[in-house]
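What follows is calculated from the coordinates using simple rules that are stated; it is not laboratory data. In this text the structure is predicted, and so the values were computed from the model without any measurement. Don't worry about glycine lacking a Cβ; one is built from the backbone with ideal geometry, like all the others, and counts go over all protein chains shown.
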Amino acid sequence: MRVTTEEMPPGAAGQEVLDGAPLYFGAQSDGSMGDPLPAEGANLTPHDIDTRLKGPHSLAIADLNGDGKPDVVTVAKDSRVAAWFENDGKGQFKEHPISSDQSAYDIRLVDMNNDRDLDLLVAGFESKNVVWYENRIRK
Ligand SMILES: [Ca+2]
Ligand SMILES: [Ca+2]
């Protein structure tokens, strides 16, 4: 298994490799998350991770809880939600809310406090803030 940290621009999709097979992640502003972008010639089956979010604009992928499986973090501008989705490694994701008052377009995963885990950095467009959330998942 190879797990990489990948930061993606708003509205983009990302790719991770899990057990040698590529996984594609995407965010759409219509409220759904998880549908991959069309990839010509590829045989991809979409698996929704969350269809309730309104205006998810940014995704980040990293192993936030240290279990070796890539997790997904997003901010949904219109839902005002920041959340991470724990990957069980079998195609299922469990939502973990981070904030219910964060209207943002962009996120980054960075070790802000040098404690060897990735924290969440958010640029809150309508929240009018820049904030980081310390990763305390494994503590
Ligand atoms: Ca994980
Ligand atoms: Ca950290």
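Annotation: peptides 63-74, 43-54, ranked by per-residue average of other Cβ atoms within 10 Å with the highest first, follow the order 63-74, 43-54.
Rounded, prolate or oblate: which one fits region 56-139, using the alpha carbon gyration tensor with axes a ≥ b ≥ c (rounded when a/c is under 1.5, else prolate when a/b beats b/c, else oblate)?
On the way: a/c = 2.22, a/b = 1.32, b/c = 1.68.
In terms of gyration-tensor shape, oblate.
Answer rounded, prolate or oblate for region 100-139, using the Cα gyration tensor with square roots of eigenvalues a ≥ b ≥ c: rounded when a/c is under 1.5, else prolate when a/b is larger than b/c, else oblate. Prolate, since a/c reaches 1.5 and a/b exceeds b/c.
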